[in-house]
Amino acid sequence: MTYDILLSEADIATRIEAMAKEMAPRLTEDTVGICLLTGGIWFAADLTRALARQGLGIGFDSMWLSSYGDGRQSGEMILRADLQRPVSGKQVLIMDDVLDTGASLKFARDHLLRAGATEVLTAVMASKPIERQIEADYVGWEAPKRYLVGYGLDDGGRLRGLPFIGALD
């Protein structure tokens, strides 16, 4: 399998540190970081550690959403696993790997607002230049409109563990 490396491991680390510095003034110790599973794990782990280096030990939870299955075509959004703790009265920060159509991010944001979150901020590692339902508050990298893999992004469940972001097309 061949792919083009678009964003190196070092570039990802540098961008995440910059994101943490940018968002730290807006967040509080009471903020709850919400990782969108499965792809967001890599980004959420790195971003929460970068925020800790900024002096913010935010809370952490996750939601498991699914719309792709093992294919490349998006389908109906399914909430496979909800939060473990209430977010009522709290600021939350949704963390996800990529923003393309925005369906997952919008679903999660709306779900968290219905659950009583006072403010929902969104952060994604990569944003593709396509028409979508929602924009992210914080974007690590403006990605090309290609099929991305690595750093949480997958091809049928494979290649998520690559330490860089590549294109498989």
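The values are calculated or read from the model by the stated rules, or taken from the named source; none is laboratory data. Computed from a predicted model, the values in this text were never measured in an experiment. With ideal geometry, Cβ positions are generated from the backbone for all residues, glycine too; neighbour counts draw on all protein chains shown. We work out accessible area using only protein heavy atoms, side chains counted, and drop any ligands, DNA or RNA first. Shrake-Rupley method; radii C 1.70, N 1.55, O 1.52, S 1.80 Å.
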Handout entry: Low-density loop cleavage sites - GluC sites (Glu not before Pro) in the stretch 64-169, where at most 11 other Cβ are within 10 Å (DSSP)
Key = 76, 131
Exercise for the section: Note down the nm distance, to one decimal, between modelled labels 7 Å out along Cα→Cβ at residue 146 and at residue 14. Expected result: 1.8 nm
Fill in the blank from the handout: By the Kirkwood definition, with r running over pairs of different Cα atoms, the stretch 100-153 has a hydrodynamic radius in Å of 12.1 Å
Practice task
At 7 Å along the Cα-to-beta-carbon direction for both residue 26 and residue 110, put a label point, then send me their distance in nm to one decimal.
Solution key: 2.2 nm
Practice task
Specify whether the C-alpha gyration tensor of the stretch 1-52 places it in the rounded, prolate or oblate class, a ≥ b ≥ c being the square roots of the eigenvalues: rounded for a/c under 1.5, otherwise prolate if a/b is larger than b/c and oblate if not.
Solution key: oblate
Practice task
Specify the longest stretch of the chain that does not include any exposed loop site, a site being one of the trypsin sites (Lys or Arg not before Pro) with a non-H, G, I, E, B DSSP assignment and at most 13 other Cβ atoms within 10 Å.
Solution key: 73-144
Practice task
Can you give me the three principal axis dimensions of the stretch 8-87 from its C-alpha atoms, in Å, biggest first?
Solution key: 38, 36, 16
Problem - Helix-only mean residue ellipticity at 222 nm for the chain, each DSSP H run of n ≥ 4 adding -39500 (n - 2.57), per residue, nearest 500 - result: -7500 deg cm²/dmol
Completion exercise
Per residue, accessible area of the stretch 74-169 with a 1.4 Å probe, heavy atoms of protein chains only, in Å², comes to 45 Å²
Practice task
State the percentage of accessible surface on the chain attributable to carbon and sulfur atoms; use a 1.4 Å probe and exclude ligands, DNA and RNA.
Solution key: 49 percent
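In the neighborhood of residue 54, defined by Cβ-to-Cβ distances under 11 Å, what is the net charge if each Lys or Arg adds +1 and each Asp or Glu adds -1? Show your work: numbers first, answer last.
On the way: positive: 21, 49, 53; negative: 17, 22.
Within the 11 Å Cβ shell, the charges total +1.
Give me the Å³ per residue figure for the convex hull around the C-alpha atoms of the chain.
Spread over its residues, the Cα hull of the chain gives 102 Å³ apiece.
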Problem - Stretch gain in nm, segment residue 77-residue 2, where the contour uses 0.36 nm per residue and the Cα spacing is subtracted - result: 24.0 nm
